[in-house]
């Protein structure tokens, strides 16, 4: 096979996967395995313990039967919430995984000097850096969503068995209203949008990784914190005032993405997606496609993208021209 | 065919030292050049400049390309082993082969697997599980499977034991080198490369003090072993270095009258190591 521009980029992505297999794939699989194990253990414990207390009736069955009290037209939303809710911990962990991946992306190979090997091959530094950006912001989330999907399948099978034992119609209450495929594709789409939303954060981490001669974590974290202190100090003197809050901008960027579900932080409140509660309970699923893609129409999205692009360009420049050998 | 490397007035300054001081040289195709000098003489800086890894002043073209501006095109034609054991520790052997195949248009998988099959390296092993000698074997196998015009080796055998070192150079010579290719080697272990070199460049304090083919070196430099009673006579002929061996003196001459020397004792060619010691010593000594 002769290498072409596209196949060599694919090879660079593969390289990132090889190196980070543990955090990109084994870790989310392990979390899912842990979930399933705990669920089965709890169910086993519950079924015996409650059975003994109750004497005759299988109480677990009664607990599961609670689903029958959910109005039929809300079952789909309930399942969406369950599926999204059970994945929340993944998204939180992934945020840290990706951040630390980017911190090491252009640093680790300089520390162990293997960058001299990578640099001996005909790959531009632009391509190398972009492959790392894509690996962290798209490939890793994709693999994590696949792992989440596997966990969901296992959990839904467990639920189906429980329903069967509890005389609840499985299709009517589970496989009919639940739409895991929609939830998974929604998560993938949300991560696609998230990749743009987080570009300034990831770009900044990549820049710190390229720049730092040691301690990339400090280089990534200290400047924004120092800037915040300066901001606090300036606002405290009251000579100057801003029509925005630095901490709100920062917090909104870090936590206000669209994954797992859209969070938007306003002055006093945090709104979770389009989730709306009224007297009938939850009426709309948080897996709202339209609101996720609305991000592309917002100016702060594109300011962030612009900042991210500048950071990445600077990282590529440093990677190419600084003499680290 | 034009020169592979063309350097003209190459300069590189670090904060406290001058690594390259107005250096000019050419390297023709089909040569194996030894770039020899003490630590801090500028060898590595010169190689890094050629590989586009460091900035410099002056003119330098490699295969007609500017190593700073056209670095990644240049890497199609140029291979290097910049240091011993710089292969990433997490990489598996078969992944290394797959990777280089995937990104390098001039890499031959068959050749690499052929070289590796002659070693004890297992395809499933990670680099961190290999000995330093095996890592060097792996790196060399990868590099020799790339059809490159120029191969640059910077201390490729440092820290390896003698068996691996000998094997490294014999593989390079037997399985890789031909009249189309050019190899530049820097090393401290001069005695091990001297039989494979076609050209020698001595670099000292950022300057090139000898740049000649091995044939020229053999003609220019001669050693004479002289009995103590003729020592003063020998000194009168301006040796560049003298040392004593078993009560006799060995004098080293550059461009001396060989007929006159022959009367003092037996002539022979100095080893590169002797030449190195003689030329690298400070003039005052």
Of all C-alpha pairs within region A:52-132, those more than 19 angstrom apart amount in percent to 66
Cα Rg, Dmax, region B:148-285, angstrom units: 17.3, 55
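Which shape class, rounded, prolate or oblate, goes with chain B when its Cα gyration tensor gives a ≥ b ≥ c as root eigenvalues, a/c under 1.5 marks rounded, and past that a/b bigger than b/c marks prolate?
Working: a/c = 2.32, a/b = 1.69, b/c = 1.37.
Prolate.
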Note to self, the protein assembly as shown gives a 222 nm [θ] from helices alone (DSSP H runs n ≥ 4, -39500 (n - 2.57) apiece, / all residues, nearest 500) of -15500 deg cm²/dmol
Whole Å is fine, so just give me how far the alpha carbon centre of region A:163-217 lies from that of region B:174-206. 55
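Once a ≥ b ≥ c are taken as the square roots of the eigenvalues of the Cα gyration tensor of region A:71-110, is the result rounded (a/c under 1.5), prolate (a/b larger than b/c) or oblate (a/b not larger than b/c)?
Values: a/c = 8.79, a/b = 6.19, b/c = 1.42.
Here region A:71-110 falls in the prolate category.
Of the beta bridges DSSP finds with both residues in region B:5-205, what % are antiparallel, to the nearest 5?
45
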Work out the P(r) tail for chain A: percent of alpha carbon pairs separated by more than 32 Å, whole number. 42
Relative exposure of B:257, B:57, judged by other C-beta atoms within 10 Å (fewest first): B:257, B:57
Most fluctuating of A:222, A:159, A:63 in the GNM of chain A (C-alpha, under 10 Å) is A:63
The protein assembly as shown: D in µm²/s via Stokes-Einstein (Kirkwood Rh, Cα pairs, 10 °C, 1.306 mPa s)? 54
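Dividing the alpha-carbon Rg of region B:243-285 by 2.2 N^0.38 Å yields what?
Numbers: Rg = 11.4 Å, N = 43, 2.2 N^0.38 = 9.2 Å.
Compactness ratio reported: 1.24.
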Looking at the P(r) of region B:114-215, how many percent of alpha-carbon pairs lie beyond 16 Å? 61
For residues of B:48-58, the mean tally of beta carbons on other chains within 10 Å: 3
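Over region B:5-205, what is the relative contact order in percent, taking alpha-carbon pairs closer than 8 angstrom and at least six residues apart? Please list the in-between numbers first.
Working: 351 pairs, mean separation 63.9, N = 201.
Averaging sequence separation for qualifying contacts and normalising by length gives 32 percent for region B:5-205.
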Under 1.5 on a/c is rounded, so check that first for region B:217-280, then, if it is not, pick prolate when a/b is larger than b/c and oblate when it is not; a ≥ b ≥ c are the square roots of the alpha carbon gyration tensor eigenvalues. oblate
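Let me know the mean shielding of B:100-108 by other chains, meaning the per-residue number of their Cβ atoms within 10 Å of its Cβ. Mind dumping the intermediate values first?
Details: counts 5, 5, 13, 13, 8, 5, 3, 3, 0.
Averaged over the peptide's residues, the number is 6.
I need to check one value: relative contact order of chain A, counting alpha carbon pairs closer than 8 Å and at least 6 residues apart, in percent. Walk me through the intermediate numbers first.
Values: 311 pairs, mean separation 80.4, N = 325.
In percent, rounded to a whole number, it is 25.
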Nearest 10 degrees, 0 to 90: helix B:93-103 Cα axis against chain B principal axis: 90
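Considering every pair of different Cα atoms, what Kirkwood radius, in Å, is found for region A:1-47? Don't skip to the answer; put the middle values down first.
On the way: mean 1/r = 0.0749 Å⁻¹.
One decimal place: 13.4 Å for the Kirkwood radius.
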Counting pairs of alpha carbon atoms under 8 Å apart in space and at least six apart in sequence, what relative contact order in percent does region B:217-280 give? 44
With Cα coordinates, the longest principal axis of chain A makes an angle with the long axis of helix A:27-54, in degrees rounded to 10, of 20
Choice from B:71, B:235, B:11 showing the highest fluctuation, given a GNM over chain B with Cα pairs closer than 10 Å: B:235
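Just to be sure I follow: if Rg is taken over the C-alpha atoms of region B:1-121 and Rh is the Kirkwood radius over the same atoms, what is Rg/Rh? Don't skip to the end; give the middle numbers.
Working: Rg = 16.9 Å, Rh = 16.6 Å.
Across region B:1-121, the Cα-based Rg/Rh ratio is 1.02.
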Largest-first ellipsoid semi-axes for region A:105-229, taking √(5λ) over the Cα gyration tensor eigenvalues, angstrom: 43, 18, 13
Euclidean distance between Cα centres, region A:71-92 to region B:41-69, Å: 59
What does the average come to when, for each residue of peptide B:71-81, you count the partner chain Cβ atoms lying within 10 Å of its Cβ? 4
Once the Cα atoms of helix A:75-105 and of chain A are each reduced to a long axis, what angle between those two axes, in degrees from 0 to 90 to the nearest 10, is obtained? 20
Inter-part gap, Cα centre of region B:76-150 to Cα centre of region B:213-267, in whole angstrom, is 46
Using a Gaussian network for chain A with springs between C-alpha atoms less than 10 Å apart, which of these wobbles most: A:190, A:66, A:149? A:66
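Every number in this text was worked out from the coordinates using simple rules, so none of it is lab data. Worth saying up front: this structure is predicted, and the values here are computed from it rather than measured. Every residue, glycine as well, gets a Cβ built from its backbone with ideal geometry; the counts of neighbours run over all protein chains shown.
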